[in-house]
Each structure stands twice: as structure tokens, then as C-alpha cells.
Amino acid sequence: MKNISSISEMRQTSLAWKREGKRIGFVPTMGFLHGGHLALIRKAREIADVVAVSIFVNPTQFGPGEDYERYPRDLERDTRLCEEAGVDAIFCPRVEDMYPEGWSVHVDEARLSAGLCGRSRPGHFSGVLTVVAKLFNIVLPDTAVFGEKDAQQARLVRQLVVDLNLPVRIRVLATVREPDGLAMSSRNARLSPGDRKRAAVLYGALCRAQAAVRGGERRSSAIRENMRTFILSAMAPVDIEYIEIVDAETLVPVDVIENATLIAMAAMIGGARLIDNVTVAPGGAR
């Protein structure tokens with residue numbers, strides 16, 4: 001496995017792979033890998049000849065007062081996990097190389113990023129799309145694999161590829177969960193044992209939403225209130241940032257569920273910001 005920090009070396013490695021006719025699978029991460037990341041890597045191995053993983057805590061997607069400095073990091077552990085998973089190259093660029101002095105071009109999106117996390121984290125998705133575009137241009141993947149837990153991000157990356165005519169196929173995999181249902185996340189490491197146990201209430205609320213839709217409930221207001229009541233009744237110290245019910249493609253809020261619909265939420269538990277979601281449809285939830 002190659003461990004690469006230079007942008008030019010990563011690009012030359014990818015070009016050499018392409019000259020050999022190899023398909024490149026790519027998994028962009030911010031490190032502190034968990035089972036969800038490893039599932040993405042396994043999928044990339046299935047659909048590509050070689051796999052590259054980026055490990056880069058991207059400063060431009062963190063706002064003032066957010067947890068950039070506190071974001072968990074363990075490159076030695078990540079390197080070992082990648083090697084065990086059969087990754088061919090890890091790309092770990094330096095911040096000063098990705099954003100050299102004087103850089104001024106960034107990617108903005110004007111529609112899909114307006115709500116959900118985009119509303120409460122201004123500038124976040126500009127940072128995400130900018131770094132993803134840069135990574136695609138460096139790694140030159142044929143396919144990039146993302147997780148469904150970050151549903152808005154995945155939808156935005158799909159739009160990025162379409163609107164900027166990037167020759168990358170996007171695959172989105174189902175959220176990988178802990179035994180109690182909590183979505184796997186690097187930020188889970190920041191939860192105390194008590195907060196970690198209480199965090200399962202988030203998925204519990206989403207399961208109640210799924211059950212309500214299966215039972216015939218279509219009113220978004222009723223589903224949101226049911227979720228909020230469940231969380232509060234659990235006596236868990238949860239600061240709900242949002243519970244939103246939106247069209248799965250347009251991400252526009254819906255009053256009545258008629259098509260594939262995303263039920264998404266964000267909450268602060270013990271100083272960690274956690275997000276989760278499920279997709280439902282009138283014929284059932286999935």
C-alpha cells in the first residue's frame with residue numbers, strides 16, 4: 001500500500017493506473033475510520049481494480065466555533081485499517097498544499113444546500129464541494145463511494161458531478177449502524193459512555209417515523225411531532241437542531257408524503273453533533 005502526501009505523486013499514481021487500464025475506486029474520508037468507512041472500502045474493492053482512500057480533515061467545511069481542532073484523528077490506526085482492507089493507496093495531503101496561500105476559487109451550490117445542515121452550517125457545503133472537486137481532480141477516480149448517513153452531502157456530490165460534467169460515477173451505500181441502531185460516525189468517539197447510550201434515542205425516533213408511515217400516516221407535521229415527543233420522553237439530554245421531512249431528490253420540505261421522502265435530523269448530545277436519516281415512501285419505509 002502506498003502512503004502518499006504529495007498532490008503530484010497521487011495524480012501520477014492514478015495516471016499510471018489508468019495507463020494500465022485499471023479502474024480506480026475512491027473513498028474520501030476525514031479519517032478516524034470506523035465500520036461505515038470500511039464498508040465503503042469493501043464496495044470500492046468490488047467495483048474497481050484499485051482503491052484509493054483520502055484522509056484529510058478539511059478545514060473549509062468547519063465554521064467558526066465548530067470542532068475542527070477537536071475532530072478525532074489517528075493516522076497510524078487509519079493506515080493499519082486501510083492496509084488490512086486491501087487499500088492500494090492512502091492520500092493524506094497537507095492543508096497548506098490543498099489550500100496554498102492566495103487560493104480563492106471555491107464551489108458553491110444554490111439550491112440543494114439551502115436546508116437541513118446547510119441552513120445551520122453556512123458555508124459548510126461550499127467547503128465540502130470544493131474539497132471533493134479538488135480530490136476528484138487529483139485522484140481521478142472512475143467511481144467514488146459515499147455513505148447514506150450524510151444524505152444531503154451525497155445528494156450534493158451527485159449534483160456536483162452532473163453540473164460540472166465530472167467523469168466520476170457516484171455510489172451511495174446504506175448507513176452502517178451499531179447494534180443499538182446508532183449510525184456509525186467518527187464523532188461518536190467524543191461521546192461519554194452515558195451519552196453514547198442515550199444517543200440511541202435518535203435512531204429510535206427515526207424507527208417510529210418509519211412505523212408511522214407504514215401505518216398510513218402521511219402528514220409531515222404529525223411525524224415530526226411524534227419524533228420530538230419520543231426524544232423528549234426518553235429523558236435524554238438532547239438538543240435537537242432540526243427534524244426535517246423533505247423530498248429525497250429535491251430536498252424541498254413536504255407537507256404530505258407522496259413519493260420517496262427523506263426524514264433527517266441533527267442533534268447535539270454531549271458536545272457532539274450527530275446526524276441521521278431514513279428514507280420512506282408511501283408503499284413502505286426502507
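A few points about this structure:
- Taking a straight Cα-Cα cut-off under 21 Å and skipping sequence neighbours fewer than 8 places away in the same chain, the lysines within cross-link reach of K197 are K149.
- Computed on the Cα trace of region 146-286, the radius of gyration divided by the Kirkwood hydrodynamic radius gives Rg/Rh = 0.98.
- Backbone N within region 7-46 under 16 Å of label point (7 Å from R80 Cα along the Cβ vector): 32-35
- Rounded FRET efficiency, nearest 0.05, which uses the C-beta distance separating R94 from M1 and R0 of 22 Å: 0.65
- P(r) weight above 34 Å for the chain, C-alpha pairs, percent: 21
- The lysines within cross-link reach of K18, meaning a Cα-to-Cα straight distance under 23 Å and a gap of 8 or more places when in the same chain, are K2, K43, K134.
- Summarising the label geometry, the points placed 7 Å from Cα in the beta-carbon direction at V252 and R42 lie 3.9 nm from one another.
We did not get these values from a lab; they are worked out from the coordinates using the rules stated. From a predicted model like this one, the values you see are computed outputs, not experimental measurements. Positions of Cβ are backbone-derived with ideal geometry, glycine not excepted, and every protein chain shown enters the neighbour counts.
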